[in-house]
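Chemist: Pasting a structure below so you can have a look.
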Amino acid sequence: MNGHSDLRMTRIPLNQGVGLMPALGFGTLISEPAVTITATGDALEAGFRHFDCAARYGNEREVGRALQAGLAAGGIAREDIFVTTKLWNNNHRPERVEPAFEASLDRLGLKYLDLYLIHTPYAFQPGDDEDPRDQDGNVLYDHDVTLLDTWKAMENLVDHGKCRAIGLSDVGLNELKPIYESARIKPAVVQVESHPYLPETELLEYCKQKGIVLLAFAPLGHGMKPGLLEDPVISAIAARVGKTPAQVLLAWAVQRGTALLTTPKSAARARENFDISALPEDALDQINRIQTRQRLNEVVKTGVPGFIPQGKGRGA
Ligand SMILES: NC(=O)c1ccc[n+]([C@@H]2O[C@H](COP(=O)([O-])OP(=O)(O)OC[C@H]3O[C@@H](n4cnc5c(N)ncnc54)[C@H](OP(=O)(O)O)[C@@H]3O)[C@@H](O)[C@H]2O)c1
């Protein structure tokens, strides 16, 4: 591979011919409304064309406002961007799926979504409370709905034409395989934590076989230090190729065939994280040989957001 080839415009085909997903995605899990607006605008200006949202992030209105303003200012068409949002755990009952989807569309100010994900495989008690708990603080789960029940309601959204593709988030092969096998409309995307300390190789192989895009979150290990950004292998490669550690980590993610989500909060970091080019094969091999293993998000075990950036906000 050419060590200088440009990865910025990499686009990954979604299964069932429903379009292309820009590999470089901007994630909108940001606690402060004002920062959500500036960071989303900065990402669009830097070149990001893929935006990952969630009802649970509580800021779909701000993201929508920033996107409308940025599209108008940049002469960018709605069809030129790829927008995802997610169904939260309190809305897994089939009859709650379409109203939740419509509410997200309305907050985002959009007429259709490119992708809608089931945020976690855990159903919480149905209702308006996003974090229902009993008197002792234990989460109230809903045992009367299965993930397949919810999936069938997701398929209906695609039938109704307001959502081009559907997928899952925070799942492993145990949840993905049965849905894939029973689904009338196959999952197009699986969004999970993935980085060199959590490569999810088996899941990635399965996804590649089935034409599912693995969309990696925490590609920079949530920016935690010490962590991936200071890993000696990553730093040495960065120095060798004249890129930053963040650019090395993002390039690795794209070159192994995943899409990714990153959340730079300043214009300078948005430009940095978008400006990625291919690493030489020996650098990819070195990263693949890193032995450290670390999962940063426990949400996969309970559906309850574990890691919350900046010690506040809504997580997952
Ligand atoms: N499905 C799920 O359950 C789930 C869970 C978590 C996240 N997500 C999605 O994934 C998105 C990505 O979030 P993430 O936390 O995983 O993103 P990330 O890009 O891995 O980490 C963001 C952190 O890295 C720092 N950072 C960003 N660019 C940097 C650079 N060039 N150099 C040094 N530090 C840098 C940021 O610092 P500053 O704040 O100082 O810029 C921030 O603290 C979220 O917004 C959300 O859309 C999904």
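The values are calculated or read from the model by the stated rules, or taken from the named source; none is laboratory data. Every value quoted in this text rests on a predicted model; they were computed, and no experiment measured them. All Cβ positions, even for glycine, are placed from backbone atoms using ideal geometry, and neighbour counts span all protein chains on display. SASA here: full protein model, heavy atoms, side chains in, ligands and nucleic acids out. Shrake-Rupley method; radii C 1.70, N 1.55, O 1.52, S 1.80 Å.
Quick grid of which residues meet (1) over 18 Å from GLY257 (Cα atoms); (2) over 18 Å from the mean Cα position of the chain (by Cα); (3) in a loop (DSSP other than H, G, I, E, B):
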position: ARG8; (1), (2), (3): no, no, yes
position: ILE12; (1), (2), (3): no, no, no
position: MET21; (1), (2), (3): no, no, no
position: PHE26; (1), (2), (3): no, no, no
position: ILE30; (1), (2), (3): yes, no, yes
position: THR38; (1), (2), (3): yes, yes, no
position: ASP42; (1), (2), (3): yes, yes, no
position: GLU45; (1), (2), (3): yes, yes, no
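The rows are residues; the columns are (1) open to solvent by 10 Å² or more (accessible area, probe 1.4 Å); (2) within 11 Å of the ligand (Cβ to nearest atom).
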| site | (1), (2) |
| --- | --- |
| HIS222 | yes, yes |
| PRO226 | yes, no |
| LEU229 | yes, yes |
| ILE234 | no, no |
| ALA239 | yes, no |
| GLY242 | yes, no |
| VAL248 | no, yes |
| ALA253 | no, yes |
| LEU260 | no, yes |
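Chemist: Would you check if ARG293 is open to solvent by 60 Å² or more (accessible area, probe 1.4 Å) and either part of a loop (DSSP other than H, G, I, E, B) or modelled with pLDDT under 95 (or both)?
Modeler: So ARG293 passes the test.
Chemist: Can you pull out every residue in region 99-148 that is acidic (Asp, Glu), surrounded by fewer than 17 Cβ atoms within 10 Å (Cβ to Cβ) and under 23 Å from the mean Cα position of the chain (by Cα)?
Modeler: Once the filter is applied, which keeps residues that are acidic (Asp, Glu), surrounded by fewer than 17 Cβ atoms within 10 Å (Cβ to Cβ) and under 23 Å from the mean Cα position of the chain (by Cα), region 99-148 yields GLU102, ASP106, GLU130, ASP131.
Condition check ((1) charged (D, E, K, R); (2) away from the ligand (no atom under 16 Å from the Cβ); (3) open to solvent by 10 Å² or more (accessible area, probe 1.4 Å)) across all residues:
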| site | (1), (2), (3) |
| --- | --- |
| GLY161 | no, yes, yes |
| ILE166 | no, no, no |
| ARG184 | yes, yes, yes |
| GLU193 | yes, no, no |
| PRO196 | no, no, no |
| GLU202 | yes, yes, yes |
| CYS207 | no, no, no |
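Chemist: Return the residues of region 1-19 that are without any contact (Cβ under 8 Å) to a residue 24 or more places away in the chain and surrounded by 15 or more Cβ atoms within 10 Å (Cβ to Cβ); say none if nothing qualifies.
Modeler: Across region 1-19, the qualifying residue is only ARG11.
Chemist: So how many residues does region 231-279 have that are in a helix (DSSP H, G or I) and among the acidic types (Asp, Glu)?
Modeler: The total comes to 1.
Chemist: Do any residues in region 215-229 that are closer than 11 Å to LEU250 by Cα have Cβ atoms under 6 Å from those of residues that are of a type in the set (D, E, K, R), where the two are at least six apart or on different chains, and which pairs are they?
Modeler: PHE217/GLU193; ALA218/GLU193
Chemist: Taking the conditions exactly as written (assigned to a strand (DSSP E or B) and either near the ligand (Cβ under 10 Å from one of its atoms) or at pLDDT below 95 (or both)), does LEU214 satisfy them or not?
Modeler: Considered against the rule, which asks whether it is assigned to a strand (DSSP E or B) and either near the ligand (Cβ under 10 Å from one of its atoms) or at pLDDT below 95 (or both), LEU214 comes out as no.
Chemist: Given ARG65, ARG56, which one is within 16 Å of the chain's Cα centre (by Cα) and either crowded, with 19+ Cβ neighbours inside 10 Å or more than 16 Å from the ligand (Cβ to nearest atom) (or both)?
Modeler: ARG56
Chemist: Please count how many residues of region 168-182 are open to solvent by 30 Å² or more (accessible area, probe 1.4 Å), without any contact (Cβ under 8 Å) to a residue 40 or more places away in the chain and touching a helix residue (DSSP H, G or I) at 6+ places or on another chain (Cβ under 9 Å).
Modeler: Going through region 168-182 one residue at a time, the tally reaches 5.
Chemist: Please find, within region 262-280, the residue that is farthest from LEU203 (Cα to Cα) out of those that are of a type in the set (A, V, I, L, M, F, W, C) and open to solvent by less than 10 Å² (accessible area, probe 1.4 Å).
Modeler: ALA270
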